[in-house]
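K.L.:
Okay, here's the structure, questions in a sec.
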Amino acid sequence: MRKNYSLLHQFISLALLLSQAKSDPDPLQDYCVADTKTPRSFYFNSAPCINPELAVSSHFTTSVLSKPGNTRANPFGFNVTLTNTANLPGLNTLGLTMARVDIATNGLVPPHIHPRASEVTICLKGLLLVGFVDTSNRIFTQQLKPGESFVFPKSLIHFLYNYDSRAPAVALSGLSSQNPGAQIVSLASFTSKPPIETEILKKGFQITDRDVARIRNNLGG
Ligand SMILES: *[C@@H]1O[C@H](CO)[C@@H](O)[C@H](O)[C@H]1NC(C)=O
């Protein structure tokens with residue numbers, strides 16, 4: 001009896017979870033190859049579709065993720081290459097994005113959020129320390145070797161760090177939105193335009209005027 005109850009309970013929990021794990025709205029047709037050429041005079045939640053009869057295989061393929069991003073120009077030592085409606089027009093309305101993340105030796109994808117997507121990442125090369133913090137401030141972290149994956153639930157603060165000081169790392173992520181959005185916590189706090197009032201940052205981070213100025217300066221704000 002007790003066992004049955006717990007099975008039922010698990011089933012209901014799973015059903016609830018699945019019904020709530022929605023990505024972008026469902027498409028009402030097989031595909032909606034993005035029309036990225038026609039100038040837009042109005043805003044649309046995704047790109048308009050081309051005539052389905054004009055769709056060809058190349059709309060559904062891309063090689064953008066085959067090339068490493070340049071991590072040198074980035075102060076944190078990472079570079080993200082994303083699929084989007086321009087480089088993979090067949091992905092339009094399907095609620096998906098793929099990301100190639102190149103991370104230099106000891107490089108960091110600093111704590112950030114994707115407001116519209118959960119993310120599952122697989123380490124392809126190198127050694128990664130990944131993690132996220134939930135809304136009760138608990139941290140979940142893991143070291144990943146090539147072939148190992150980790151999930152970052154939607155909208156939670158997460159990071160990826162290459163803890164190897166000798167070799168670069170590569171990760172590949174799938175995200176549950178065609179426009180996941182990304183907000184790096186440190187940059188949003190210290191380099192917004194116009195800046196957040198210094199008083200807010202001093203109180204919020206329990207730091208001094210000098211600290212605020214220094215962090216802003218370090219982050220190029
Ligand atoms: C990421 O790498 C690409 C390809 O090398 C480069 O064009 C781009 O400027 C890099 N982005 C950043 C933010 O450094």
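K.L.:
Identify, by number, the condition in (1) closer than 30 Å to PRO25 by Cα; (2) of a type in the set (A, V, I, L, M, F, W, C); (3) open to solvent by 30 Å² or more (accessible area, probe 1.4 Å) that PHE152 doesn't meet.
P.N.:
(3)
K.L.:
Here is a further query. Please verify whether ALA104 is open to solvent by less than 60 Å² (accessible area, probe 1.4 Å), away from the ligand (no atom under 16 Å from the Cβ) and over 19 Å from GLY174 (Cβ atoms), treating the condition exactly as stated.
P.N.:
Working: open to solvent by less than 60 Å² (accessible area, probe 1.4 Å): yes; away from the ligand (no atom under 16 Å from the Cβ): no; over 19 Å from GLY174 (Cβ atoms): yes.
Considered against the rule, which asks whether it is open to solvent by less than 60 Å² (accessible area, probe 1.4 Å), away from the ligand (no atom under 16 Å from the Cβ) and over 19 Å from GLY174 (Cβ atoms), ALA104 comes out as no.
K.L.:
Of all residues in the stretch 74-115, which are assigned to a loop (DSSP other than H, G, I, E, B), touching a strand residue (DSSP E or B) at 6+ places or on another chain (Cβ under 7 Å) and of a type in the set (Val, Ile, Thr)?
P.N.:
Correct list: THR83, THR85, THR105.
K.L.:
Among the residues of the stretch 60-73 satisfying the criterion of being in contact (Cβ under 8 Å) with a residue 12 or more places away in the chain and out of contact with any strand residue (DSSP E or B) (no Cβ under 8 Å at 6 or more places or on another chain), which is nearest to SER23 (Cα to Cα)?
P.N.:
Ranking the qualifying residues of the stretch 60-73, first place goes to PHE60.
K.L.:
State the number of residues belonging to the stretch 68-91 that are open to solvent by 40 Å² or more (accessible area, probe 1.4 Å), within 14 Å of the ligand (Cβ to nearest atom) and of a type in the set (A, V, I, L, M, F, W, C).
P.N.:
Looking only at that region, the number is 4.
K.L.:
Looking at GLY126, GLY131, which is the one that is crowded, with 17+ Cβ neighbours inside 10 Å and in contact (Cβ under 8 Å) with a residue 40 or more places away in the chain?
P.N.:
Just a single option satisfies the conditions, and that option is GLY126.
The values are calculated or read from the model by the stated rules, or taken from the named source; none is laboratory data. Remember, predicted model here, so these are calculated numbers, not experimental data. Note that we place each Cβ from the backbone using ideal geometry, even for glycine, and neighbour counts take in every protein chain shown. Accessible surface is based on the protein model in full, side chains and every heavy atom, while ligands, DNA and RNA are left aside. Shrake-Rupley method; radii C 1.70, N 1.55, O 1.52, S 1.80 Å.
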